[in-house]
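These notes are about the structure you will find just below.
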Amino acid sequence: MAMEMRLPVARKPLSESVGRDTKKHLVVPGDTITTDTGFMRGHGTYMGEEKLIASVAGSVERVNKLICVKALKTRYNGEVGDIVVGRITEVQQKRWKVETNSRLDSVLLLSSMNLPGGELRRRSAEDELAMRGFLQEVDLISAEVQAVFSDGAVSLHTRSLKYGKLGQGVLVQVSPSLVKRQKTHFHDLPCGASVILGNNGFIWIYPTPEHKEEDAGGFTANLEPVSLADREVISRLRNCIVLLVTQRVMLYDTSILYCYEASLPHQIKDLLKPEIMEEVVMETRQRLLEQEG
């Protein structure tokens, strides 16, 4: 019987190997950010004894005179226009409850989604009775944030045909602070798979469809068998995202693609070994620095 034995080895921290052009100002709760009274207090801070003090652990961000602390690990705080991936948890009267990694369940109203076929009309009692036929518990959806209520709850909509029910793929949950905000969060990667980078930290990896079905209204999930080659690509992308998150690298299409290309010499099952993880992330960071500079 084959057995793999692993012994401890001294390794340099990755931060020493790859330099960063900008050093972040990191704080923990209770740290004094500044004693200058000319700054305005933002999220994650409070005033005490004429000093601005951090209330969460994270990096200090300054915009003109406004100082806030962006938490390194936090629940999702919704903003209008965000792209999210969520899971249906409950079907209620004229609405669905959706888990989106926020403090409260999000809401998807029946009136905030396209009807099957994309027809435009008022929602009737028949539509309300057929809600479970559209979306039911444990279904995964992609949606856009339409509004944020005063208590922090989020209202979603799926009025575009690019949103709706998700079919076959893999869901990876990461911290929302690691997903980089971009103009688009739907990416068809050249390796043969596509990703939806939800601002809420839910990332959906799925095989790139050969043709987009635009007449379904976002309710039909493709349940065709996925080929072995596509499954291997999806598995490799999943492990690449996990190792990027482990090393606190921001997630966006370029970083994921560079990490995928750097991981090709290794087997998929070996990617999460510490020494291979360090090698792949080091090469990915190096390529990202070369691209930026």
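The values are calculated or read from the model by the stated rules, or taken from the named source; none is laboratory data. Worth saying up front: this structure is predicted, and the values here are computed from it rather than measured. Cβ atoms come from the backbone with ideal geometry, glycine included; neighbour counts cover every protein chain shown. For accessibility, only protein heavy atoms count, side chains too; no ligands or nucleic acids. Shrake-Rupley method; radii C 1.70, N 1.55, O 1.52, S 1.80 Å.
Can you pull the three principal axis extents for the Cα set of region 60-119, in Å, largest first?
On the principal axes, region 60-119 reaches 48, 24, 16 Å in Cα extent.
If you scale each eigenvalue of the Cα gyration tensor by 5 and take the root, what three semi-axes come out for region 25-71, rounded to whole angstrom and sorted largest first?
Its equivalent ellipsoid spans semi-axes of 14, 12, 8 Å.
Please pull out the direction-averaged projected area of region 132-261, using the convex hull of its alpha-carbon atoms, in nm² to one decimal place.
Taking the Cα atoms of region 132-261, their convex hull projects to 9.0 nm² on average.
Mind checking the full-extension length gain between Glu126 and Asp151? Use 0.36 nm per residue of separation minus the Cα-Cα distance, one decimal, nm.
Here the answer is 5.8 nm.
Can you pick out the pairs among Lys70/Lys183; Lys73/Lys273; Lys183/Lys273 whose Cα atoms lie more than 29 Å from each other?
Over 29 Å Cα-Cα: Lys183/Lys273.
Under 10 Å, Cα contacts only: if you run a Gaussian network model on the chain, which one of Phe202, Phe39, Phe134 comes out with the highest mean-square fluctuation?
With Cα springs under 10 Å in the chain, the top fluctuation among Phe202, Phe39, Phe134 is at Phe39.
Over the heavy atoms of Asp230, what accessible area does a 1.4 Å probe trace out, to the nearest 10 Å²?
50
Averaging sequence separations of C-alpha pairs under 8 Å and six or more residues apart, then dividing by the length of the chain, give the relative contact order as a whole percent.
14
Can you tell me how much longer the chain between Val28 and Lys269 gets when fully stretched, taken as 0.36 nm per residue apart minus their C-alpha distance, in nm with one decimal?
83.2 nm
Which shape class applies to region 132-182: rounded if a/c is under 1.5, otherwise prolate when a/b exceeds b/c and oblate if not, where a ≥ b ≥ c are the square roots of the Cα gyration tensor eigenvalues?
On the way: a/c = 1.66, a/b = 1.15, b/c = 1.45.
Oblate shape, in that a/c is at least 1.5 and b/c is the bigger or equal ratio.
Take the Cα pairs of region 34-187, get the Kirkwood Rh, then feed it into Stokes-Einstein at 37 °C and 0.692 mPa s and tell me D in µm²/s.
185
Tell me, which cysteines of the chain are without a disulfide-compatible partner by the Cβ under 4.7 Å rule?
Cysteines lacking a close Cβ partner in the chain: Cys68, Cys191.
Which aspartates and glutamates, on any chain, are close to Lys51 with Cα under 17 Å apart, when same-chain ones fewer than 8 places away are left out?
Asp31, Asp36, Glu61
On a straight-distance basis, which aspartates and glutamates could pair with Lys94 in a cross-link, Cα separation under 20 angstrom, same-chain partners fewer than 8 positions away excluded?
Output for Lys94: Asp105, Glu119, Glu126, Asp127, Glu128, Glu137, Asp139, Glu144.
Which whole-number value in Å³ per residue fits the convex hull of the alpha carbons of region 234-274?
Output value, Cα hull per residue: 60 Å³.
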